[in-house]
């Protein structure tokens with residue numbers, strides 16, 4: 001529950017994943033019901049910014065790059081755009097995140113070509129860097145560098161989280 005309160009990115013993404021292996025239809029349902037209320041958009045932005053920056057610097061700055069790594073940078077950048085535009089946790093699905101760049105037809109065309117290429121390629125295919133994608137990535141990272149960290153909101157309602165925790169404990173002993 002503390003991870004949930006802190007808007008832990010892995011937990012938040014797990015809760016939103018369209019793939020569910022096991023579900024008791026109680027715990028995940030109860031925390032999903034308060035996710036938007038408890039989620040810290042600022043924490044999400046800084047997490048995704050760090051992820052995008054690290055992957056861009058680590059994999060996409062050369063003249064020849066692993067094409068799969070573009071998604072390791074584009075997804076977090078689109079997630080940030082979602083957070084800034086909608087103020088809710090970013091969805092997992094890449095296609096839904098693309099809604100944030102609907103007005104960028106050239107960028108969307110490059111991404112569509114990249115998706116098609118990825119479907120037909122080997123897992124670790126390397127290719128020349130894709131200049132329009134790198135330009136978008138660099139402009140987004142520059143824009144995001146200007147963000148000033150916001151103090152964490154520690155006033156979120158712990159009573160709701162404690163109630164969910166206690167209910168879960170009660171179910172485990174029933």
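If you plug the beta carbon distance of residue 96 and residue 168 into 1/(1 + (r/R0)^6) with R0 = 25 Å, you get a FRET efficiency near 0.30. For an R0 of 35 angstrom, estimate the FRET efficiency from the Cβ-Cβ distance between residue 22 and residue 145 and round to the nearest 0.05. Between residue 22 and residue 145 the formula returns 0.30. With no solvent and one point per C-alpha, what does the Debye sum give as log10 I(q)/I(0) for the chain at q = 0.10, 0.13, 0.14 Å⁻¹? Normalising to I(0) and taking log10 leaves -0.47, -0.73, -0.82.
Among 159, 42, the order by Cβ neighbours within 10 angstrom, fewest to most, reads 159, 42.
Measure nothing fancy, just the Cα-based angle from helix 105-120's long axis to the longest principal axis of the chain, in degrees from 0 to 90, nearest 10. Roughly 90 degrees between the two axes.
Both the radius of gyration and Dmax for region 67-146 are 12.7, 38 Å, in that order, over alpha-carbon atoms.
Label positions at residue 118 and residue 6, each projected 7 Å from the Cα along the C-beta direction, are separated by 2.9 nm.
Compactness of region 1-80, taken as the C-alpha radius of gyration over 2.2 N^0.38 Å, stands at 1.32.
Take the Cα radius of gyration of region 73-116 and divide it by 2.2 N^0.38 Å, N being the number of residues; the result is 1.09.
Put simply, when 89-100, 58-69 are sorted by average Cβ atoms within 10 angstrom per residue, most first, you get 89-100, 58-69.
Laboratory data are not the source of any read-out in this text; all were calculated from the coordinates shown. Note that the structure is predicted; figures quoted are calculated from it, not measured. For neighbour counting, all protein chains shown are included, and Cβ atoms are generated from backbone atoms with ideal geometry for every residue, glycine included.
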